[in-house]
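Below you'll find the structure, written out as structure tokens, and then a few comments.
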């Protein structure tokens, strides 16, 4: 199993920030904040699934070919090999908890298809 994350690790991205809340063998939990107008890349993962739990704000989640609104208290499960993204069209920051589960939790398990910030592969 591969995991390069550590508790307390954080990063600033063009769309917002993330912070690792906890990690262990085969799992990682992050708190993610998406700024107003922010959108993550359309991406998939080969080795991990994710579960997103909305905490604050309203998200538009793309899961495969579907787009769905999600608000605080709602969640979405993202299976491996499924294209997905999240965006914040609201004026307020969006906050959600991401639980990653799988054999490879490294950043190198991100396959980007579209990216507003020029990071697509």
(message) If I model a spin label at residue 106 and residue 47 as a point 7 Å from the Cα along the Cα→Cβ vector, what separation in nanometres do I get?
(response) 0.6 nm
(message) Over region 10-114, what is the relative contact order in percent, taking alpha-carbon pairs closer than 8 angstrom and at least six residues apart?
(response) 36 percent
(request) Enumerate the residues in region 34-49 having an amide nitrogen under 15 Å from the point lying 7 Å beyond the Cα of residue 116 toward its Cβ. (result) 34-43
(request) Kindly provide the pair-distance distribution of region 42-121 built from C-alpha pairs, with 5 Å bins from 0 and whole-percent values in order of increasing distance. (result) 3, 16, 24, 25, 21, 10, 1, 0
(request) Distance from a point 7 Å along Cα→Cβ of residue 65 to each backbone N in region 16-50: keep the residues under 18 Å and list them by number. (result) 43
(message) Sorting check: for 49-60, 74-85, which peptide has the highest mean count of neighbouring beta carbons within 10 Å, and how do the rest follow?
(response) 49-60, 74-85
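Each reported figure results from applying straightforward, stated rules to the coordinates on display, with no laboratory input. Because the structure is a prediction, the values reported are computed rather than measured. Positions of Cβ are backbone-derived with ideal geometry, glycine not excepted, and every protein chain shown enters the neighbour counts.
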